[in-house]
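One structure below.
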């Protein structure tokens, strides 16, 4: 028997595996994956023409190795810069910027404690207040606070402020 078909078949299967790995890291809109599938099919044809046993082994190996390589590659791909962008995982800079913004917002809310403002909407118990010219969603510590009432911030925590009417006596 001529061993050239066996060598060609194994080489084409190896090229298919390599192309599948390359497809994971190089965005090609599926072109490289299509070449990988074509190479694998050509390699399987060579193996089947060489011998039925080699053809069956090559087919079974391709059915196992192809998905295995692809899904393991996807696990690695998620951690690349392109993968993070496409999956939506934030970069370290984005995480730090988000954390800084949250800390700045928490400081701003804490600075509102004791500030006075006006209820823009009825607070039943949730509504909108205007404090220092800025609108905030607020929670009334007591029952209804009608729109237009003067309010004072009593608590500011976890992106929520609680208010009480200024003329309302404390319990």
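No lab work stands behind these numbers, since they all come straight from the coordinates. Quantities reported herein were computed from a predicted structural model and do not represent experimental measurements. So basically every Cβ, Gly included, is an ideal-geometry build from the backbone, and we count neighbours across all protein chains shown.
Residues in segment 40-54 that are assigned to a helix (DSSP H, G or I) and farther than 21 Å from residue 19 by Cα: 6 in all. Might you check whether a residue that is loosely packed, with under 11 Cβ neighbours inside 10 Å and closer than 24 Å to residue 155 by Cβ occurs anywhere in segment 112-119? The answer is yes, given that some residue of segment 112-119 is loosely packed, with under 11 Cβ neighbours inside 10 Å and closer than 24 Å to residue 155 by Cβ.
In the condition set (1) under 26 Å from residue 4 (Cα atoms); (2) in contact (Cβ under 8 Å) with a residue 24 or more places away in the chain, residue 117 is compliant with all but (1).
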